[in-house]
Amino acid sequence: MAEYFFPLSRREEIAEDTLAFTFDTRGSGFSFRAGQHVDLTLIDPPATDAEGNNRTFSIASSPNEPASILIATRMRPTAFKNSLKIVPLGTRVKVAGPMGSLALHRDAARPAVMLAGGIGITLMRSMVIWAAEERLPHRIYLFYSNRTPQASAFLKDLESAQEENKNFTLVATITDSHDSDWKHESGRIDETMMKKSVPDLARAIFYLAGPPVMVGAMLGILARLDVDGDNIKTEEFTGY
């Protein structure tokens, strides 16, 4: 597996308790496919704990974005995340990869239905932005669930992608209180929501990403819809 050393070039809050980190890949020859992930290791971090200095992250950026990769994470009180939050810009990290075979299917006649919860949106963002940039003919439906609007990372990016790509439909939903300014759906993703938004569910390829509980719930819904397991691709995000 290839290893690289990339400096941290940008850090920003993109949602409630959620930070995005950009790393400069110039001159490295690093390349990846939308939907892949990397292992990231902190080098001599300011703090360590039993969970270690290494994590796996899906790449949130498009392969077409120049000389950089973007990752994002929900913050929690671990030494790894606290270190990533406070190290100076320019700090180098070790990146191994890319890895993973989750990629948009080739048959453009079959729609892609993406089901994402929380930080599981990272790899979906990469695929959606890349598909728009490449002007792919695939019909893509993204169902994106969060507790609140404030917790919905990359929402504006996805709304912009929908405006730019006539083949992309965003179905964002929140499961907690309803915000008066919220212009999308409310409630959990279910069969009714999917049937309302996707006219040809029976022909779709499904992509699932999120916490294990959410992925399990979505698999249950797809089972009730009699979706063949060969038409389902999954990636689970645990409390890393």
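Rule-based calculations on the coordinates, nothing more; no lab input. Computed from a prediction, not measured in an experiment: that's the story for all the values here. As a convention, Cβ positions derive from the backbone with ideal geometry for all residues, glycine included, and neighbour counts pool all protein chains shown.
Counting 0.36 nm for each residue step from K156 to A96 and taking away their Cα separation leaves a gain of 18.6 nm.
Among the listed pairs K81/K183; K81/K166; K156/K196; K85/K195; K85/K196, a Cα-Cα separation exceeding 29 Å is found for K81/K183; K81/K166; K85/K195; K85/K196. Rounded to the nearest 20, the Cβ-based charge dipole of segment 122-240 about its Cα centre (Lys and Arg +1, Asp and Glu -1) stands at 140 debye. In terms of the Cα gyration tensor, with a ≥ b ≥ c the square roots of its eigenvalues, is the chain rounded because a/c is under 1.5, prolate because a/b exceeds b/c, or oblate? Because a/c hits 1.5 or more and a/b exceeds b/c, the chain counts as prolate. Over the chain, Cα pairs under 8 Å with separation of 6+ residues give a relative contact order of 19 percent. Listed values for segment 73-84 are Karplus-derived 3J(HN,Hα) couplings in whole Hz (6.51 cos²θ - 1.76 cosθ + 1.60, θ = phi - 60°), namely 8, 6, 7, 8, x, 10, 4, 4, 6, 5, 5, 4, and x replaces Gly and Pro. Applying Stokes-Einstein at 37 °C and 0.692 mPa s to the Kirkwood radius of segment 3-99, computed over alpha-carbon pairs, gives a translational diffusion coefficient of 243 µm² s⁻¹.
Report the calculated FRET efficiency for R135 and A2 (r = Cβ-Cβ distance, R0 = 35 Å), to the nearest 0.05. Once the sixth-power term is evaluated, E becomes 0.75. What is the distance in Å between the Cα centres of segment 61-128 and segment 138-202? Going from one Cα centre to the other spans 19 Å. If the segment from A109 to S28 were pulled out straight at 0.36 nm per residue, it would be longer than the present Cα-Cα gap by 25.5 nm.
Give the shape of segment 162-240 as rounded, prolate or oblate, defined through the alpha-carbon gyration tensor: a ≥ b ≥ c are the square roots of its eigenvalues, a/c under 1.5 means rounded, and otherwise the shape is prolate if a/b is larger than b/c and oblate if not. Cα axes put segment 162-240 in the oblate bin. Qualifying trypsin sites (Lys or Arg not before Pro) in segment 82-147, where qualification requires a DSSP coil assignment and no more than 10 other C-beta atoms within 10 Å, comprise R106, R135. Under the combined filter of DSSP loop state and at most 13 neighbouring Cβ atoms within 10 Å, segment 31-131 retains none of its chymotrypsin sites (Phe, Trp or Tyr not before Pro). Counting every other Cβ atom within 10 Å of each residue's Cβ, T175, T78 order from fewest to most as T175, T78. Here the gap between T48 and K166, fully extended at 0.36 nm per residue and compared with their Cα-Cα distance, gives a gain of 37.8 nm.
Which one, L19, L136, L40, has the greatest fluctuation when you compute a Gaussian network model over the chain with C-alpha springs under 10 angstrom? Comparing L19, L136, L40 in a Gaussian network model of the chain, the most mobile one is L136.
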